[in-house]
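In what follows, a single structure is set out as structure tokens and then discussed.
The values are calculated or read from the model by the stated rules, or taken from the named source; none is laboratory data. Quick caveat: nothing in here was measured; it's all calculated off a predicted structure. Every residue, glycine among them, receives a Cβ derived from its backbone with ideal geometry; neighbour counts consider all protein chains shown. Heads up: the accessible areas ignore ligands, DNA and RNA and are worked out on the full protein's heavy atoms, side chains in. Shrake-Rupley method; radii C 1.70, N 1.55, O 1.52, S 1.80 Å.
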Amino acid sequence: MPNSSSLTQFLLLAFADRRELQLLHFWLFLAISLAALLANGLILSAVAWDHHLHTPMGFFLLNLSLTDLGCICTTVPKAMHNSLWDIRTISYHGCAAQAFLLVFFIGTEFSLLTIMCYDCYVAICKPLHYGTLLGSRACAHMAAAAWATEFLIALLHTANTFSLPLCQGNALGQFFCELPHILKLSCSHSGYLREIGLIGVSVCLVFGCFVFIVFSYVQIFRAVLRIPSQQGRHKAFSTCLPHLAVLSLFVSTTAFSNLKPPSISSPSTDLVVSVLYMVVPPALNPFIYSLRNQELKDAIRKMM
């Protein structure tokens, strides 16, 4: 078996053996990626140019669109290229770059969703202190901390995984490079335990964010139920509903892909699940936010 020093490429999971189905996957991914690029590009342009959207939520929405674009551009172009030309390979360094960017963008997206939850909490539970707690400098610091922290985490995970000797071949059971599938090719117990330790730290951070989100939404719902008027309650729910929908989509698809029971695991099932959590959310997130945000819809309508 080749080790990591002699590996020059990995074999990705093919979508189908038949040429017709490969071309179908190419056109499907092309349509989804174009929709995601257009929708997220419109949000980026609208937030950048419309002063009505120069708010904390608009700023974090701009950052969220950047992570969605990053996720789409990291995985889909290579999958489309492989389907179009009927190949399965990806270079060793290309695989390392893809794995790093995936951890970076997915981690940053979850961090931003956590920060946006705090924005909803302050807007509904502490509206009089909103300008103080979420000033422009505070928002910039929180966003920068999210990007920098996830960059460091992604760098540590990727550097450790790709420093391990790989002696189980070079075939990945995925259509993109994902660190858990690369770890399966390793034959180093010490390096594997080191990666488990890094994963443990990451899980603790994710769990802390999750507890914060749950606590925040408990306080939000309690505050909303105390609002006397139905119109006021509806407006408050509309403030946090898009964030809750995007967060639920992100958490449910990611959790199912990583925690699904082995009894239902198969190459075809894993492929469908991977598409659901890597390709679909970045394309749907802009539409979810646009449906409930009237100012965003008005800004996009002016641009169109």
Thr108, sole failed condition from (1) buried (at least 17 other Cβ atoms within 10 Å of the Cβ); (2) of a type in the set (S, T, N, Q); (3) out of contact with any helix residue (DSSP H, G or I) (no Cβ under 6 Å at 6 or more places or on another chain) | (3)
Subset of region 43-65 (residues that are part of a helix (DSSP H, G or I) and either open to solvent by 40 Å² or more (accessible area, probe 1.4 Å) or of a type in the set (Ser, Thr, Tyr) (or both)) | Ser45, Ala48, Trp49, His51, His52, Phe59, Leu62, Ser65
Every pair of residues 6+ apart whose Cβ atoms lie under 7 Å, when the first sits in region 101-127 and is on the phi > 0 side of the Ramachandran plot while the second is surrounded by fewer than 21 Cβ atoms within 10 Å (Cβ to Cβ) and part of a helix (DSSP H, G or I) | none
Take Ser263 and decide whether it is under 29 Å from Leu156 (Cα atoms), modelled with pLDDT under 80 and of a type outside the set (Phe, Trp, Tyr).
-> no
Determine whether His157 is in a helix (DSSP H, G or I) and either open to solvent by 70 Å² or more (accessible area, probe 1.4 Å) or at pLDDT below 85 (or both).
-> no
Scan region 33-40 and give yes if some residue there is in contact with a Leu (Cβ under 6 Å, 6 or more places away or on another chain) and either surrounded by fewer than 17 Cβ atoms within 10 Å (Cβ to Cβ) or in contact (Cβ under 8 Å) with a residue 60 or more places away in the chain (or both), otherwise no.
-> yes
Do we have any residue at all in region 167-190 that's open to solvent by 10 Å² or more (accessible area, probe 1.4 Å), among the hydroxyl-bearing types (Ser, Thr, Tyr) and in contact (Cβ under 8 Å) with a residue 40 or more places away in the chain?
-> no
Selected residue (criterion: modelled with the lowest pLDDT) from residues of region 128-140 that are open to solvent by less than 80 Å² (accessible area, probe 1.4 Å) and in a helix (DSSP H, G or I) = Gly131
Flag if Thr114 is part of a helix (DSSP H, G or I) and open to solvent by less than 40 Å² (accessible area, probe 1.4 Å) = yes
Restricted to region 236-256 and to residues being modelled with pLDDT under 80 and β-branched (Val, Ile, Thr), the residue nearest to Leu128 (Cα to Cα) is Thr239
Residue satisfying condition, being at pLDDT 75 or above, surrounded by 14 or more Cβ atoms within 10 Å (Cβ to Cβ), of a type in the set (Lys, Arg) and assigned to a helix (DSSP H, G or I), within set Arg233, Arg222 | Arg233
Test result for Cys95, part of a helix (DSSP H, G or I), within 25 Å of Val275 (Cβ to Cβ), open to solvent by less than 10 Å² (accessible area, probe 1.4 Å) and of a type outside the set (D, E, K, R) = yes
Flag if Ala143 is surrounded by fewer than 13 Cβ atoms within 10 Å (Cβ to Cβ), at pLDDT 90 or above and under 30 Å from Pro127 (Cα atoms) = no
Among the candidates Ser216, Ser248, single out the residue that is assigned to a helix (DSSP H, G or I) and surrounded by fewer than 16 Cβ atoms within 10 Å (Cβ to Cβ).
-> Ser248
